[in-house]
Amino acid sequence: MGHVYAEITLNNAGDVSNARSGIILEPEIRQTTVQALVDTGSTYLVINQELFSKLGLSVRGERGVSFANNGQGVCKITDPVEIRWENRSFTMSAMLVEDAPEILLGVIPLEGMDLIVDPLQLKLVGAHGDRWMIRC
């Protein structure tokens, strides 16, 4: 199967909350739209230092990780990020891999937005079509 990319918008979730509370204006929400590699072998959203800085995130902690090349290391965990794809969204902390060449969209955000990879069309699609369903 080839690589699948998806255009996603990432928002600083703290800013989103502050805008809803009237603390900041909606245009002040730090956000960016990127092409992310949909990686069903990855668990989390993985961002690089450039995106981390652009979104104005802070580090919340660290976690041991294993990489696709069988290497191991420690990655920083960020403040929550709101991930948006079409009419769906999911909020979670990201893994900061400072020199990551690509943004990775892993299985937790895919599950959170009820998305799967269509292997024939090589694109991201709703697992239940246009209906957004989450298992409780």
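Structure summary
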| read-out | value |
| --- | --- |
| Set 100, 127: member being small (Gly, Ala, Ser) and either without any contact (Cβ under 8 Å) to a residue 40 or more places away in the chain or touching an Asp or Glu at 6+ places or on another chain (Cβ under 7 Å) (or both) | 127 |
| Residue count for segment 52-69, restricted to those that are outside any strand (DSSP E or B) and either among the hydroxyl-bearing types (Ser, Thr, Tyr) or touching a helix residue (DSSP H, G or I) at 6+ places or on another chain (Cβ under 7 Å) (or both) | 2 |
| Extreme residue, nearest to residue 35 (Cα to Cα), among residues of segment 50-85 that are touching a Lys or Arg at 6+ places or on another chain (Cβ under 8 Å) and hydrophobic (A, V, I, L, M, F, W, C) | 55 |
| Residue 70 being of a type in the set (S, T, N, Q), at positive phi and over 14 Å from the mean Cα position of the chain (by Cα) | yes |
| Within segment 16-40, tally of residues that are in contact (Cβ under 8 Å) with a residue 40 or more places away in the chain and either farther than 21 Å from residue 86 by Cα or part of a loop (DSSP other than H, G, I, E, B) (or both) | 2 |
| Residues of segment 1-15 that turn out to be small (Gly, Ala, Ser) and in a strand (DSSP E or B), as a count | 1 |
| Segment 113-124, residues that are surrounded by 14 or more Cβ atoms within 10 Å (Cβ to Cβ) and either on the phi > 0 side of the Ramachandran plot or without any contact (Cβ under 8 Å) to a residue 24 or more places away in the chain (or both) | 114, 116 |
| Residue in segment 86-94 that is farther than 22 Å from residue 35 by Cβ and in a strand (DSSP E or B) present | no |
| Qualifying positions in segment 38-72 - hydroxyl-bearing (Ser, Thr, Tyr) and either under 13 Å from residue 93 (Cα atoms) or modelled with pLDDT of 95 or more (or both) | 43, 44, 53, 58 |
| Matching residues in segment 60-97 - criterion: being touching a residue at least 40 places away in the same chain (Cβ under 8 Å) and hydrophobic (A, V, I, L, M, F, W, C) | 81, 83, 85, 92, 94, 95, 96, 97 |
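The values are calculated or read from the model by the stated rules, or taken from the named source; none is laboratory data. Since this is a predicted model, take the numbers as computed values, not measurements. Counting neighbours? That spans all protein chains shown, and the Cβs are built from the backbone with ideal geometry, glycine included.
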